[in-house]
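Everything on this sheet refers to the single structure shown next.
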Amino acid sequence: MNKKGFTLIEVMVVAALFLLTTAGFNYLLILSSASVEKATLLCQATYLLQSKMEEIKLLPFASLPDLNGNTFAAGNGTIKVSPVLADLINIELSLPPHKLQTLRSKY
């Protein structure tokens with residue numbers, strides 16, 4: 001007898017392979033979605049840090065120590081100002097997951 005078609009076992013094997021492949025792609029989609037979300041948060045944090053640092057650059061040197069302990073970005077970011085020398089200070093901005101640090105001279 002020459003019958004054309006598939007047996008039940010062949011159909012079940014193909015269905016199982018299809019389900020495994022679909023589950024694998026679904027997992028990759030979830031991972032890539034999480035990566036995109038993490039990258040978006042990282043870009044936003046970087047932008048906020050850079051813009052705050054630009055604001056600080058415009059301030060006079062004498063007023064910079066007063067910024068120590070201040071917050072920005074709705075209280076999520078912090079500013080730490082510490083003297084290095086009499087005419088040099090260290091400014092550190094932190095907004096998780098980033099930190100941005102610079103030195104500023106009086107001159």
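Each reported figure results from applying straightforward, stated rules to the coordinates on display, with no laboratory input. Note that this is a predicted model, so its numbers are computed, not measured. Counting neighbours? That spans all protein chains shown, and the Cβs are built from the backbone with ideal geometry, glycine included.
I need a count of the residues in region 84-107 that are surrounded by 12 or more Cβ atoms within 10 Å (Cβ to Cβ), in a strand (DSSP E or B) and not polar (S, T, N, Q).
Adding up the residues that qualify gives 10.
What about M12, is it more than 30 Å from R104 (Cα to Cα) and surrounded by 10 or more Cβ atoms within 10 Å (Cβ to Cβ)?
Criteria met by M12.
Go through (1) farther than 25 Å from A39 by Cα; (2) hydrophobic (A, V, I, L, M, F, W, C); (3) exposed (fewer than 14 other Cβ atoms within 10 Å of the Cβ) for A74 and report which single condition fails.
Every listed condition holds for A74 apart from (1).
I'm trying to understand the selection: among the residues of region 77-107, which are within 22 Å of K38 (Cβ to Cβ) and aromatic (F, W, Y)?
Passing the criteria: none in range.
Any idea which residue in region 42-71 is surrounded by the fewest Cβ atoms within 10 Å (Cβ to Cβ), counting only those that are more than 22 Å from S105 (Cβ to Cβ) and touching a residue at least 40 places away in the same chain (Cβ under 8 Å)?
Selected residue: L42.
Residue by residue through region 1-56, note down the ones that are of a type in the set (F, W, Y) and assigned to a loop (DSSP other than H, G, I, E, B).
Result: F6, single match.
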